[in-house]
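The values are calculated or read from the model by the stated rules, or taken from the named source; none is laboratory data. Only a predicted model underlies this, so the values are computations on that prediction, with no experimental measurement involved. Positions of Cβ are generated from backbone atoms using ideal geometry, with glycine treated the same way; all protein chains shown enter the neighbour counts. When the accessible area is computed, the model is the full protein with side chains, heavy atoms only, and any ligands, DNA or RNA have been set aside. Shrake-Rupley method; radii C 1.70, N 1.55, O 1.52, S 1.80 Å.
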Amino acid sequence: MIDITLQNFEAELIVASQQRPVLLDIWAPWCGPCRTLGPILEKLEVAYAGRFTLAKLNSDEVPEIAGQLSQMFGVRSIPFCVMFAGGQPVDGFVGALPEAQIREFLDKHVPAGEELEAEADLAEAQELLEDGDLESALGKLAHAVELDPANDAARFDYVKALLELGLLAEAREAFAPVAAKAADTLTPAPRLAALATWLTAFDAAAGADPAALQAAISANKRDFDARFTLAQLHLASQRFTEAMDELLEIIMRDKTWNGEAARKTYVAILELLTKPAPKPAAEAKTGTLEIAGKAAVVQSDPLIDSYRRKLSMALF
């Protein structure tokens with residue numbers, strides 16, 4: 001349990017809630033129901049074993065934060081509890097509710113223990129990937145997917161790592177549970193769809209003769225079938241820029257060829273190469289109290305930016 005002040009609210013409430021949910025209890029010393037609710041919340045923080053953090057805010061001492069949240073939710077009384085997740089307030093309740101109702105509220109927002117452990121494994125794996133330790137990261141990712149099969153971010157990194165290590169059969173097996181989701185155009189999952197494109201490239205590249213493909217292209221620049229197969233061969237071999245170069249040649253000559261297959265594959269490769277967006281970052285403004293976190297700026301990659309520009313120029 002932590003006490004929130006103007007000095008620490010950004011770090012302990014906004015930033016901290018990007019890692020795990022934070023339940024903010026707004027109370028006052030003169031409030032009888034607050035004295036009833038407080039011990040219940042403290043008991044639940046222990047019972048939930050680190051799955052959420054309890055923060056307390058004295059509305060008499062920090063009226064700025066209490067007032068802004070009350071106005072945001074249209075609440076005029078205390079105790080008033082606000083759930084913060086992902087750097088912003090997402091839900092709340094008013095009054096000294098019974099423990100059972102508070103548990104129902106928490107269970108809507110607090111991850112299960114397995115989900116929390118999976119997120120920790122994913123975070124460690126991403127650090128290992130940054131350091132180039134692919135094999136160590138693979139173990140963490142496998143464990144994360146086992147703990148939380150619905151964690152698409154962990155599954156993406158896991159399948160991608162398997163493919164980068166040349167473990168195609170294992171990658172196909174790991175991808176199978178989300179194959180239908182990757183193909184769903186009503187609720188697109190672009191990163192999973194990109195994996196599907198990569199896996200398809202292995203099938204297309206099987207038995208392909210690069211020398212024969214190059215000869216066919218030299219004889220006819222508009223032999224798009226040969227050029228597309230060559231691009232997929234490059235993709236299967238992790239020669240991503242070479243694959244995009246071939247696809248770009250098709251796009252520049254015929255944007256709509258084969259149902260825009262070249263453009264779709266090009267976009268999928270960009271998705272494979274793009275790092276996931278960082279979590280929102282909190283930002284305090286001078287003289288202004290900002291409750292919600294700010295969207296973090298994605299670190300620019302010159303290579304990806306260059307190929308995005310090439311695609312844009314070819315299309316428009």
(message) Leu54 - would you say it is open to solvent by less than 60 Å² (accessible area, probe 1.4 Å), in contact with a helix residue (DSSP H, G or I) (Cβ under 6 Å, 6 or more places away or on another chain) and touching a residue at least 12 places away in the same chain (Cβ under 8 Å)?
(response) yes
(message) Looking at segment 183-196, can you tell me whether even one residue there is under 23 Å from Thr274 (Cβ atoms) and touching a Pro at 6+ places or on another chain (Cβ under 9 Å)?
(response) yes
(message) Among the listed residues Ala208, Ala153, Ala204, identify the single one that is at pLDDT below 95, in a helix (DSSP H, G or I), touching a Ser or Thr at 6+ places or on another chain (Cβ under 9 Å) and surrounded by 13 or more Cβ atoms within 10 Å (Cβ to Cβ).
(response) Ala204
(request) Just need a number here: residues in segment 197-215 that are out of contact with any Lys or Arg (no Cβ under 8 Å at 6 or more places or on another chain) and free of Cβ contacts under 8 Å to residues at least 24 places away in the same chain. (result) 9
(request) Look at Pro149 and say whether it is in contact with a Pro (Cβ under 8 Å, 6 or more places away or on another chain) and in contact (Cβ under 8 Å) with a residue 12 or more places away in the chain. (result) yes
(request) Read through the list (1) among the hydrophobic types (A, V, I, L, M, F, W, C); (2) farther than 30 Å from Glu117 by Cβ; (3) in a helix (DSSP H, G or I); (4) open to solvent by 10 Å² or more (accessible area, probe 1.4 Å), then give the number of the only condition that Val46 fails. (result) (2)
(request) Within segment 11-25, identify whether any single residue is under 23 Å from Leu116 (Cα atoms), part of a loop (DSSP other than H, G, I, E, B), at pLDDT below 90 and open to solvent by 10 Å² or more (accessible area, probe 1.4 Å), and answer yes or no. (result) yes
(request) Go through (1) in contact with a strand residue (DSSP E or B) (Cβ under 6 Å, 6 or more places away or on another chain); (2) within 30 Å of Glu115 (Cα to Cα) and name the single condition Ser59 misses. (result) (2)
(message) I'd like to verify a number: residues in segment 26-36 that are part of a helix (DSSP H, G or I), over 17 Å from Arg76 (Cβ atoms) and either touching a residue at least 12 places away in the same chain (Cβ under 8 Å) or β-branched (Val, Ile, Thr) (or both), how many?
(response) 1
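Select, from Ala194, Ala182, the only residue that is free of Cβ contacts under 8 Å to residues at least 40 places away in the same chain and small (Gly, Ala, Ser).
Result of the check over Ala194, Ala182: Ala182.
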(message) Would you confirm, using the coordinates I've provided, whether Arg172 is of a type in the set (D, E, K, R) and surrounded by fewer than 16 Cβ atoms within 10 Å (Cβ to Cβ)?
(response) yes
(message) When you scan segment 167-187, do you find a residue that is more than 24 Å from Gln19 (Cα to Cα), in a loop (DSSP other than H, G, I, E, B) and at pLDDT 95 or above, even just one?
(response) yes
(request) Go through (1) under 30 Å from the mean Cα position of the chain (by Cα); (2) assigned to a helix (DSSP H, G or I) and name the single condition Thr229 misses. (result) (1)
